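This report refers to the structure that appears directly beneath it.
The values are calculated or read from the model by the stated rules, or taken from the named source; none is laboratory data. A quick note: this is a predicted structure, and the numbers were derived from the prediction, not measured. As a convention, Cβ positions derive from the backbone with ideal geometry for all residues, glycine included, and neighbour counts pool all protein chains shown. Protein only, heavy atoms only, side chains kept; ligands, DNA and RNA dropped before computing areas. Shrake-Rupley method; radii C 1.70, N 1.55, O 1.52, S 1.80 Å.
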Amino acid sequence: MTQEQWNAVDGYFNSLLIEEDDALAAAARAHIDFELPDLAVARNQGKLLHLLARIHGARRVLEIGTFGGYSTIWLARALPEGGRLVTIEWEASFAEAAAAHIERAGVAGMVEQHVGKALDILPALAGSGADPFDLVFIDANKPDIPEYFSWALKLSRPGGVVVVDNVVLGGAVADPDHQDRGVQGVRRFHDMLAEEPRVTATSIQTVGAKGYDGFTLALISS
């Protein structure tokens, strides 16, 4: 099995099942302008987030890590009339690019963007008196995932869903002695999951256009 074959399989499924309009395509290319690796979720992963939000009947979604707005658009388009998506991005230039893509996608009216450090913004959200979130998507710096997850629990309703991206890290997560802070952050997060009585969860390995990685799906007790 090779990356070329994984790309071919993703391309086959995407060509049959997943339409990507100009707004999504532009958001998917955001990394090019910043001369960065492709940090957005893959096309089929974006559609998976969209379907999870629809299946769950989500009306309020929190996203930690906007980047170019690709997953933001997929999630916002899953919301019913009156739905709201709150997204947080630390890097102002990324948030500015995302805002243009979100506007182009026609979902700006239901997206609330915040720019700054998530661990500063999340407490303010908790104190705002707003309704709890139905679904939280965490796709941000890996060392802080345990703290993001703690806030996701505080900000979500009973029965809420939390999705955490990039939890396999090419298999490095299985190495308890790995020196990378991101790997250790993901391992601390899984230790939290194992001890958290309010949550039932699973983590799934994936291969595809984004290489070898995976995600965690957690359901908060109702």
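With a ≥ b ≥ c taken as the square roots of the eigenvalues of the C-alpha gyration tensor of the stretch 85-130, please select rounded if a/c is under 1.5 and otherwise prolate if a/b is larger than b/c or oblate if it is not? Judged from the Cα gyration tensor, the stretch 85-130 comes out oblate (a/c at least 1.5, b/c at or above a/b). In the stretch 138-220, Rg over Rh equals 0.96, where Rg is the alpha-carbon radius of gyration and Rh the Kirkwood radius from pairwise Cα distances. Considering all C-alpha pairs of the stretch 34-75, those separated by over 16 Å amount to 37%.
Centroid-to-centroid, using Cα positions, the stretch 63-96 and the stretch 141-180 are 19 Å apart. Pairs spanning more than 21 Å between alpha-carbon atoms, out of Lys117/Lys210; Lys117/Lys154; Lys154/Lys210; Lys47/Lys117: Lys117/Lys210; Lys154/Lys210; Lys47/Lys117. Computed over protein heavy atoms with a 1.4 Å probe, the carbon and sulfur contribution to the accessible area of the stretch 151-216 reaches 51%.
If you take the beta carbon distance between Leu217 and Val9 as r and set R0 to 35 Å, what does 1/(1 + (r/R0)^6) give as a FRET efficiency, to the nearest 0.05? So, using R0 = 35 Å, E works out to roughly 0.95. In the context of the full set of protein chains, the stretch 1-57 has a per residue accessible area of 65 Å² (1.4 Å probe).
Give the relative contact order (percent, whole number) for the chain; include only Cα pairs under 8 Å separated by 6+ residues. Once divided by the residue count of the chain, the mean separation gives 18 percent. Using a cutoff of 8 angstrom between alpha carbon atoms and counting only pairs six or more residues apart, the relative contact order for the stretch 8-92 works out to 28 percent.
Classify the stretch 1-72 as rounded, prolate or oblate from the Cα gyration tensor: take a ≥ b ≥ c as the square roots of its eigenvalues, call it rounded if a/c is under 1.5, otherwise prolate when a/b beats b/c and oblate if not. The shape class here is oblate.
Identify the residues of the stretch 62-77 with backbone N under 19 Å of a label point that sits 7 angstrom from the Cα of Ala92 along the Cα-to-Cβ direction, or state none. Correct set: 65-69.
Quick one: grab the alpha carbon gyration tensor of the chain, order the square roots of its eigenvalues as a ≥ b ≥ c, and give me rounded if a/c is under 1.5, else prolate or oblate depending on whether a/b is larger than b/c. Because its axes are fairly even, with a/c under 1.5, the chain counts as rounded.
For the stretch 178-219, list log₁₀ I(q)/I(0) at each q in 0.20, 0.32, 0.35 Å⁻¹, using the Debye formula over Cα point scatterers of equal strength and ignoring solvent, two decimals each. Results for the stretch 178-219 at q = 0.20, 0.32, 0.35 Å⁻¹ read -0.73, -1.07, -1.12. For the stretch 5-114, with all protein chains in place and a probe radius of 1.4 Å, 53% of the accessible heavy-atom surface sits on carbon or sulfur. Counting only protein heavy atoms and a 1.4 Å probe, the stretch 74-194 has 44 square angstrom of accessible area per residue.
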